[in-house]
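See structure below.
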Amino acid sequence: MNTTRKDVPETDSESHLSSLQGSHAARRAMDYYLKPIISESVEPERLFEVRRSISSEEAMIHASDLLRCAAATAYEAANHLRGTHRDLTFSVVHLIDLAKALVDRCVEGTKEE
């Protein structure tokens, strides 16, 4: 029994593949289907960004100023509240004051060195 079909022409597959070897279209197709997708690490856009050249001491001084402003804002807000809302807001003031004391201690430590 013969399984070869007579209506299908035989082609020389090696010569056909070698003619595609230098083809830019074939290279692009192979790259598209076979190369892994390499995604670039895209940093999210930020509204504010800290300069990379800022020193630790300068950053701590700015952080201390920001904490002072946050404490003043929370303290003012607490003055206009009553009950548990007032207590919670004053607890925020206390936490901010603790963080500011730690930052201020770091700033003092860098000045001593």
Ranked by accessible surface with a 1.4 Å probe, highest first, in what order do HIS80, HIS62 come? HIS80, HIS62
With contacts defined as alpha carbon pairs under 8 Å and 6 or more residues apart, what's the relative contact order of the stretch 67-106 in percent? 49 percent
Provide the per residue accessible area, probe 1.4 Å, for the stretch 61-113, rounded to a whole number of square angstrom. 74 Å²
Ignoring any ligand, DNA or RNA, what whole percent of the accessible area of the stretch 66-113 comes from carbon and sulfur when the probe is 1.4 angstrom? 63 percent
Counting Lys and Arg as +1 and Asp and Glu as -1, what is the net charge of the other residues whose Cβ lies under 10 Å from the Cβ of ALA71? 0
If the chain between VAL42 and ASP87 were fully stretched, how many nm would it gain, using 0.36 nm times the residue separation less the Cα-Cα distance? 11.9 nm
Quick check: from the Cα gyration tensor, does the stretch 49-98 come out rounded (a/c under 1.5), prolate or oblate? prolate
Zone residues, the stretch 50-71, relative to ALA101, backbone N less than 19 Å from point 7 Å out along Cα-to-Cβ: 61, 63-71
Residue span ALA77 to TYR33: 0.36 nm per residue of separation minus Cα-Cα distance leaves a gain in nm of 9.8 nm
Residue order for VAL42, VAL92, VAL103 - accessible surface, 1.4 angstrom probe, largest first: VAL42, VAL92, VAL103
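The values are calculated or read from the model by the stated rules, or taken from the named source; none is laboratory data. If you're wondering where the values come from, they're calculated on a predicted model, not measured in any experiment. Note that each Cβ is placed from the backbone with ideal geometry, even for glycine, and that neighbours are counted across all protein chains shown. These area figures cover heavy atoms from the full protein model, side chains too; ligands, DNA and RNA do not enter into them. Shrake-Rupley method; radii C 1.70, N 1.55, O 1.52, S 1.80 Å.
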